[in-house]
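Working notes, beginning with the structure itself.
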Amino acid sequence: SSCSTCSRNTPVFDGSKSTSLQLLSSGTNIRYGSGEVAGQLAQDVVTMGPFTLPQQTFLSVEQTSQGFLDGSMSGILGLAFQGIAATKSTPFWQTLADNGTLTTPDMSFWLTRFRGDPQAPEEGPGGTFTLGGTNSTLFSGEIEFLDMPAGPPSFWLLNMKSVTVQGKNVPISTGASALSAIDTGTTLIGGPTEDVKAIWDAVPGSLADPNDTGFFSFPCSTDVEITMSFGGKSWPISTKDMNLGQVSRGSTQCLGGIFDLTQGSSIVAGGGNPNWVVGATFLKNVYSVFRSNPPSVGFAELSVAAGGSGTGTSSSAGSGASLLTPSTGSSVSPPPSPSASASTSPPNSPPNSGGGVPSNTASALTFAPVMGSGTTPGAGPTTTTTKNSSGNGALGVCACPFC
């Protein structure tokens, strides 16, 4: 790659070392909430764990906006649907799901929490991504699946049904205004102006932050307790995840983890775009599963091993939810106990599980150098330990061009 604006620490893809690389005639750029990239479309053999596709289209990035990549983060692997792919090609995961390679048409995530940990490294283990199933050591009980709204699949979408603040219901918009992208590649939670204002109005002492457009602050001594429901259970968000830290050194006000999406990012509501983008601030508190057929998103309580209060033992599925577990042929090791490893909240950004939804701040969920349990294609899920960094993007793999 001739990525002229990449950091010298950024691992890059050297196309000259590939005998199977095909450069296509067209190029494009992809704009995210915190920057953009530009380059030439290409095809090559792409392998992730046990899965290989011989002609995967990707963008061979030649330019990035200043500061877009940081540390060892070097690419973004989109995990939404083809309908919103900037390259117009079928995403890696979707091809595997469509051709029956995956045991089940599912992707699942456990995200670690570094928020509030003064010893958290700049880069550290960021969670576990399982492609083709789930990891039963990371969740407890049933996975509650909620159907996506009807229509051609684009983002991973649900409807925001209710929000509570400090134990009390807060009025929020309904209908199209409640459309929410569930996005592992976004750091925080962004929502419509009136809804976000109503949430922070319910927190005594909260203020619109004058230095960060669309953000609100609150007294650091306050534990902001928020729950969200998308039509099923109400899921609590840790007070640690709602507190992004002091607005400035010595201040008694702390920045909140929910921001006004219309002011704090470049996303334009309407026209099929979501009005809410629900990222890691929420997703660190649940085990999340993204199922392509039928299109749905599932949440489950975290197991003790994953930092929750559950048992980590799978139960039988009830009438309101279906349950996924890894195949017996797939050996999946539990993650290190959160108390023994860095635990926190990663900032992320655009397309990924939410597939291209811009986020206001940048942070990355990227593959660790060593893959998790390897299995033969079709034999079971593959689990990858991800790593968290202060860089940009979500699931990033291999090289700068693989976007």
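What is the Å³ per residue value for the convex hull set by the Cα atoms of region 97-232? All intermediate terms of the calculation are to be shown ahead of the outcome.
Details: hull volume 24.1 nm³, N = 136.
Hull volume over Cα atoms, normalised by residue count, gives 177 Å³.
Label positions at Ser251 and Glu194, each projected 7 Å from the Cα along the C-beta direction, are separated by 2.8 nm.
In the structure shown, the pairs Lys88/Lys233; Lys168/Lys284; Lys88/Lys240 are assessed against 29 Å; a Cα-Cα span above that value is assigned to Lys88/Lys233; Lys88/Lys240.
Between Thr174 and Ser65, what's the calculated FRET efficiency when r is the beta-carbon distance and R0 is 35 Å? Round to 0.05.
Details: r = 36 Å, r/R0 = 1.04.
Efficiency for this residue pair is about 0.45.
Model label points for Val304 and Glu122, set 7 angstrom from Cα along the Cα-to-Cβ axis, are 3.7 nm apart. Averaging the Cα positions of each part gives two centres, and for region 66-116 and region 155-193 these lie 22 Å apart. Stretching Arg8 away from Arg31 to a fully extended chain increases their span by 6.1 nm, per 0.36 nm per residue minus the current alpha-carbon distance. Gain on full extension, evaluated as 0.36 nm per residue between Lys88 and Gln263 minus their Cα-Cα distance, stands at 60.1 nm.
Between Ser20 and Ala38, the modelled label-to-label distance comes to 3.1 nm, taking each label 7 Å out from Cα in the direction of the beta carbon. Computed with a 1.4 Å probe on the full set of protein chains, the accessible area for Phe114 sits at about 20 Å².
The values are calculated or read from the model by the stated rules, or taken from the named source; none is laboratory data. The structure displayed is predicted, hence computed values, not measured ones. Note that each Cβ is placed from the backbone with ideal geometry, even for glycine, and that neighbours are counted across all protein chains shown. With ligands, DNA and RNA removed, areas are computed over all heavy atoms of the protein, side chains included. Shrake-Rupley method; radii C 1.70, N 1.55, O 1.52, S 1.80 Å.
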